[in-house]
Structure formats: C-alpha cells, structure tokens
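See structure below.
Read-outs: derived from the displayed coordinates by stated rules, not from any lab. Small disclaimer: the values here were computed from a predicted structure and weren't measured. Because the Cβ atoms are built from the backbone with ideal geometry, glycine has one as well, and the counts that use them run over all protein chains shown.
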Amino acid sequence: MGRTVQVDQLLSGVKATDGSVLSAGKAYFYEPGTTTTRTVWLDSMKRNAASNPVELDGAGRALVFADGSYRLKIHDEDDTAVYDWDNLRFYFGDSGTVYDPYSVSSPVNTGAYTATVDPAPVEYSAGDQYFLRTSDSGSNTLSQAASLNVNGLGVKNIVTGSASEEIPRRAFSSNDFIHVVYDGSDFRWLSADESAYQAGGHTWSGSGSMTFTQSDQNATYRVRSGFAECVGRVVGTTSGSAANYIKGVSGLYTAKVGSSLGYMPMCGSCFITEAGGTPQSGYMVIDETTEEHRVYKHDNSNYVLGAIILCYHYIVRLDLT
C-alpha cells in the first residue's frame with residue numbers, strides 16, 4: 001500500500017484572489033483531467049476516507065492526506081469555482097528495494113551523475129530507492145539538468161519529488177546527501193538539502209509613489225512536494241507617498257501562475273512592524289501577471305512612512321524548467 005502525503009495546500013489556509021480567507025469553502029479531489037472523484041484520507045495510514053468535497057474550516061484550512069496524482073478544485077461557500085489545479089502529484093514510494101548509501105560522481109560543472117551499487121540491480125524497478133552522496137565538486141549548473149546513471153543501466157533525469165519537473169539548477173554540490181526513488185521513468189528527489197535554497201531573498205520596492213529602501217534581509221528556502229516554502233525577514237525604510245503594499249520579486253525561482261498551472265496567492269502570511277511599534281499581522285499575495293510578492297497589512301491600510309520590518313512565510317508551486 002502506498003504511503004500518503006499531507007496536502008499542504010489546504011493546511012496552510014486557502015485565501016481568495018482578493019486575499020480574503022476562503023472560509024467554508026470546498027476542496028474537490030478528482031482523477032487528473034477528469035471529474036471522477038479520487039479518494040483522500042483523514043489519516044496518513046488510509047484508515048478513514050475523507051468526504052469529497054473536503055469542507056474547509058473558518059480559516060480556509062483542512063487536514064487531509066493524498067496518494068498519487070490529482071486534480072484539485074477549490075470552490076467558495078456558494079460552490080463557485082475559485083481555483084483549478086490539475087496534475088498535482090502526492091507521492092511517497094514505499095515499495096521496491098532500498099539500496100544502502102553509495103557515493104556518486106559527475107564530471108566537474110555538469111549534472112550527469114553516475115553511481116555503482118552492490119549488490120548491483122539487474123534493471124530499474126519502480127519504487128527502488130537509492131541513498132547517495134556526491135563525492136566531488138561536480139554540480140548541475142545553469143546549463144544542464146541533473147541526471148543519474150546507476151550501474152550503467154541508463155541515464156534517467158532527476159526530478160522533483162511530487163511533480164515531474166526538473167530540480168533547480170545547482171541544487172547539488174560536493175558531499176550532498178541525495179535520496180531518490182525511481183518512479184518507472186525518472187528518479188524523484190525526496191531529500192532537499194535546505195542549504196541549497198538559502199539565497200539573498202527578494203528584490204524589494206514600494207508601490208505607487210512610495211519608495212522602500214532595503215537595509216537588510218535574509219531568507220531561507222526549502223523545496224518539498226513540488227512547492228517552494230520560504231521564511232524570510234526584510235528591514236528597510238518607506239518614504240514618499242504612503243501606499244498599501246510593499247513588493248518583492250524572488251531571484252531564486254519562478255512561481256507558476258494562472259489557475260490551471262497552480263497559481264497560489266493564498267499561502268503567504270507575515271508580521272509587519274512599523275516605526276518601532278507593535279508587530280501586526282499581514283498577508284502576501286502573488287500577483288498573477290507580474291509574479292510580484294505583495295505584502296499587505298491585514299486591514300489593507302497604507303503603511304506608516306518610516307522604519308519597516310517584514311517577517312514573512314509563504315508557499316508557491318514551482319516552475320523549475
């Protein structure tokens with residue numbers, strides 16, 4: 001029996017396109033590309049099936065577990081469709097052979113990894129898992145995706161754990177530990193070294209005629225289940241004409257936009273401290289057209305001009321191609 005994966009998209013709290021909480025909404029789970037319902041569960045061991053649709057609580061949340069590929073449609077309390085995400089993949093392979101840790105190598109500045117394991121597999125089998133460690137300075141660069149060839153059985157791409165997309169460029173470096181599972185066509189990366197996703201964060205600016213001058217920031221990224229999670233902090237000063245949001249653009253990845261591709265404006269939250277005052281809650285919306293990460297105060301009022309500290313957390317689906 002396959003193991004389930006928690007549906008983080010619902011646990012984070014779903015928001016409507018205007019940033020309001022989608023309370024009492026409904027989440028429909030279907031077979032990909034169809035309106036045939038597909039089972040999700042209330043527990044990770046598949047003891048109790050969830051209702052379909054899944055009812056969201058007053059905060060737009062629900063805790064359910066999935067196994068496989070799904071089409072997920074989110075409706076509001078009036079049963080009007082708000083989001084439609086197809087081919088979401090929730091996968092955790094627990095069948096096949098688990099091979100002991102082995103070193104892998106690649107030519108310097110490429111992503112073509114090779115590994116020799118013992119006992120040697122006769123062929124690639126779906127569900128086989130490999131625990132590997134990079135043994136030299138080779139890394140997949142901006143010009144080449146990562147691949148793995150085990151015991152000369154053939155080159156297979158390494159893709160994200162829950163979606164058949166390329167992993168980020170330069171995801172691996174020397175002495176990284178890698179956990180992959182073969183899905184029948186590609187190796188899926190199940191272990192994400194968090195240090196590979198620590199970067200300079202975003203490029204921040206004000207909106208309208210308000211200027212935001214950044215003085216310090218840090219951000220930590222982590223990839224899981226085909227999504228990127230970011231926790232960050234930025235310090236700066238606003239000046240000019242007050243406006244109601246500060247915007248940032250990520251330099252690490254591109255978020256998928258458009259409802260059919262998994263546009264997710266609902267997964268951002270933050271605390272905002274103005275002019276040394278008391279932190280107040282806020283939220284982040286990812287603009288569908290520009291892909292800007294816009295940070296608003298909870299009541300949508302204008303920022304007080306002066307010193308600003310933003311502490312934020314959000315999740316977006318990745319476009320890693």
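Between THR34 and THR203, what length in nm is gained on full extension when 0.36 nm per residue of separation is reduced by their alpha carbon distance?
On the way: separation 169, 0.36 × 169 = 60.84 nm, distance 3.96 nm.
Once the chain is fully extended between THR34 and THR203, it gains 56.9 nm.
Ranking request for peptides 278-284, 7-13: highest mean number of other beta-carbon atoms within 10 Å first, then the rest in descending order. Before the final figure, lay out the partial values.
On the way: 278-284: 17.0, 7-13: 20.0.
Result, highest mean Cβ count within 10 Å first: 7-13, 278-284.
Could you check the simple spin-label distance between ALA59 and HIS313, using points 7 Å along Cα→Cβ, in nm with one decimal?
Using points 7 Å along Cα→Cβ, the separation is 1.0 nm.
What's the Kirkwood radius of the range 5-90 in Å, using all Cα pairs? Mind dumping the intermediate values first?
Values: mean 1/r = 0.0790 Å⁻¹.
Result for the range 5-90, one decimal place: 12.7 Å.
With each pseudo-label sitting 7 Å past Cα toward Cβ, what's the GLN280-SER215 distance in nm, one decimal?
Each label point is offset 7 Å from its Cα along the Cβ direction, giving 2.1 nm.
Let me spell out the model: positive unit charges on the Cβ of Lys and Arg, negative unit charges on the Cβ of Asp and Glu, origin at the Cα centre of the range 5-90. What dipole size does that give, in debye rounded to 20?
Values: 9 positive and 13 negative charges, 73 e Å.
Dipole size: approximately 360 debye.
At what distance in nm do the modelled label points of ASP43 and ASN302 sit from each other, each positioned 7 Å from its Cα along Cα→Cβ?
For the pair ASP43/ASN302, the computed spacing is 5.5 nm.
Stretched out fully, how many nm does the piece from ASN149 to ALA120 gain, at 0.36 nm a residue minus the Cα gap?
Stretched fully, the ASN149-ALA120 segment lengthens by 9.2 nm.
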